[in-house]
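S.K.: The structure that follows is given in the form of structure tokens.
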Amino acid sequence: NKITPVDVHVRDMELSNDLMSTELRVAVIADADGEIISKEPVLTVKGLPGAGIDAFDSTMRLSIEVPAGVLGNAEPLTEVVQLEGPTTVRRGDPDASGKVETEIVSMQLSGMSDLVGQLIGLPAGEKSPILIFEDPDRPSTGLIQTITSGPFLAHSFFDVNLLIQTPLGVIPGQVRLEADINQIPPLNTTHIGSINTAILGPDGTIVARIVGQVDLRPIKPAIPVNTDVDFVVRTVVTNSGPFGPADFNLTVTAIAPPGTTITPHADVILIEDLAVGEHRTIQEIFTINSSEPSQHHFQIINKITPVDVQTRSRRLTCTCGIWSCPMT
């Protein structure tokens with residue numbers, strides 16, 4: 001017996017977004033008769049953007065905790081505060097291994113806190129401002145590292161050095177924020193980290209802490225009116241069995257609200273050789289346009305149906321007779 005590998009045939013399909021180009025390679029292994037044995041999609045990064053500056057608005061969520069007894073409270077008090085403001089990130093050129101050095105060069109986030117208001121003696125119901133900046137004396141550097149497999153294109157992190165300003169004073173803080181991303185800048189992708197920083201009162205005692213999970217999310221700007229804008233809907237399709245691998249049709253219907261358009265209105269995507277238990281991500285690209293400034297809700301309906309099962313017959317011959325073997 002002699003075993004040799006079957007030639008692998010690769011089909012290439014270009015996918016791209018604004019600032020990152022990717023390549024979807026589908027490796028198809030076939031036997032000598034041309035029958036497909038297996039298919040394996042592999043998503044690889046084909047090109048990263050060069051050095052540049054990314055400016056966007058961000059939202060940050062953090063928790064403020066006041067220990068028991070500080071405000072006459074029997075139990076600790078906790079408040080979640082959301083801040084928002086402009087952020088600027090500097091990117092370097094990617095190296096040969098797909099790494100990009102980054103730095104948050106500017107961040108100005110502001111929000112309002114009920115607990116801080118109580119700590120400085122404001123009347124009940126009045127909130128106090130809380131501001132967060134990057135520390136100009138301690139660089140907030142990070143790294144983007146490309147990922148060669150899986151649903152994401154890269155892993156991103158920042159070691160963020162903060163200045164947190166309240167009416168009680170300015171305190172330093174530090175947090176590592178991490179996320180898996182699919183575009184640069186990573187709009188609408190949340191970087192997550194944890195923090196534990198004390199807020200001191202006028203006498204130097206701890207009156208509160210900024211603790212727990214911190215979320216930093218670059219937000220996508222509003223879509224301009226009367227402008228065609230592309231967006232991607234990612235749908236994960238799973239073959240729950242018991243038959244597989246099998247082919248399926250994904251029928252997509254898009255419905256636009258009044259004053260807007262969306263194309264395509266309908267499409268059928270063939271999903272081939274989906275194995276039992278396999279999760280496969282399908283990207284659907286749409287173009288929308290709105291003639292009215294408002295918040296609009298577009299409805300995307302996906303319907304999955306199995307493709308008809310075909311029966312192939314092959315005639316086999318032996319020396320003692322002729323017989324047929326139908327194979328389904």
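The values are calculated or read from the model by the stated rules, or taken from the named source; none is laboratory data. Everything numeric here is computed off the predicted structure, so don't read it as measured data. Every residue, glycine among them, receives a Cβ derived from its backbone with ideal geometry; neighbour counts consider all protein chains shown.
S.K.: Determine if the range 220-235 includes at least one residue that is within 15 Å of T305 (Cα to Cα) and either of a type in the set (A, V, I, L, M, F, W, C) or in contact with a Lys or Arg (Cβ under 8 Å, 6 or more places away or on another chain) (or both).
M.R.: Checking the range 220-235: not a single residue is within 15 Å of T305 (Cα to Cα) and either of a type in the set (A, V, I, L, M, F, W, C) or in contact with a Lys or Arg (Cβ under 8 Å, 6 or more places away or on another chain) (or both).
S.K.: Of all residues in the range 62-85, which are surrounded by fewer than 17 Cβ atoms within 10 Å (Cβ to Cβ) and within 24 Å of N188 (Cβ to Cβ)?
M.R.: S63, V80, Q82, E84
S.K.: Here's something else I'd like to know. Only residues in the range 176-187 that are under 20 Å from S149 (Cα atoms) count as the first member; pair them with residues that are part of a loop (DSSP other than H, G, I, E, B) and acidic (D, E), Cβ under 7 angstrom, at least 6 apart or cross-chain, and list the lot.
M.R.: Q183/D18
S.K.: Could you grab the pairs with beta carbons closer than 6 Å, sequence gap of 6+ or different chains, first residue in the range 231-252 and closer than 23 Å to P264 by Cα, second one of a type in the set (K, R)?
M.R.: V237/R280; T251/K303
S.K.: A further question follows. Looking at V207, V170 in this structure, which one is in contact with a helix residue (DSSP H, G or I) (Cβ under 7 Å, 6 or more places away or on another chain) and farther than 20 Å from S58 by Cα?
M.R.: Result of the check over V207, V170: V207.
Listed here are the residues, each with its yes/no results for (1) assigned to a helix (DSSP H, G or I); (2) under 33 Å from the mean Cα position of the chain (by Cα); (3) touching a residue at least 60 places away in the same chain (Cβ under 8 Å).
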position	(1), (2), (3)
G117	yes, no, no
G125	no, no, no
P129	no, yes, no
I132	no, yes, yes
Q145	no, yes, no
G150	no, yes, yes
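S.K.: Okay, next question. Restricting to the range 188-216, count the residues that are buried (at least 19 other Cβ atoms within 10 Å of the Cβ) and either under 13 Å from I171 (Cβ atoms) or modelled with pLDDT under 90 (or both).
M.R.: Qualifying residue count for the region: 7.
S.K.: Something else now. Restricting to the range 252-290, name every residue that is surrounded by 11 or more Cβ atoms within 10 Å (Cβ to Cβ) and not in a strand (DSSP E or B).
M.R.: A256, P257, G259, P264, H265, A275, E278
S.K.: Against the definition (charged (D, E, K, R), under 27 Å from L163 (Cα atoms) and in contact with a Leu (Cβ under 8 Å, 6 or more places away or on another chain)), how does E103 come out, yes or no?
M.R.: no
S.K.: Would you pick out the residues in the range 146-175 that are exposed (fewer than 15 other Cβ atoms within 10 Å of the Cβ) and more than 20 Å from R217 (Cβ to Cβ)?
M.R.: Residues satisfying the conditions are T148, S149, G150, P167, G169, V170, P172.
S.K.: With a cut-off of at least 1 residues that are at pLDDT below 55 and in contact with an Asp or Glu (Cβ under 6 Å, 6 or more places away or on another chain), name the strands (runs of 3 or more DSSP E) lying wholly within the range 1-115.
M.R.: Of the strands (runs of 3 or more DSSP E) lying wholly inside the range 1-115, those with at least 1 residues that are at pLDDT below 55 and in contact with an Asp or Glu (Cβ under 6 Å, 6 or more places away or on another chain) span 21-30, 36-47.
S.K.: State whether the residues of the range 216-224 include one that is farther than 19 Å from K303 by Cβ, touching a residue at least 40 places away in the same chain (Cβ under 8 Å) and β-branched (V, I, T).
M.R.: There is at least one residue in the range 216-224 that is farther than 19 Å from K303 by Cβ, touching a residue at least 40 places away in the same chain (Cβ under 8 Å) and β-branched (V, I, T).
S.K.: Taking only pairs six or more apart or across chains, which ones have beta-carbon atoms under 7 Å, a first residue in the range 86-107 that is farther than 22 Å from M60 by Cα and surrounded by 20 or more Cβ atoms within 10 Å (Cβ to Cβ), and a second residue that is of a type outside the set (A, V, I, L, M) and modelled with pLDDT of 90 or more?
M.R.: Close Cβ pairs satisfying both conditions: V100/R91; V100/G92.
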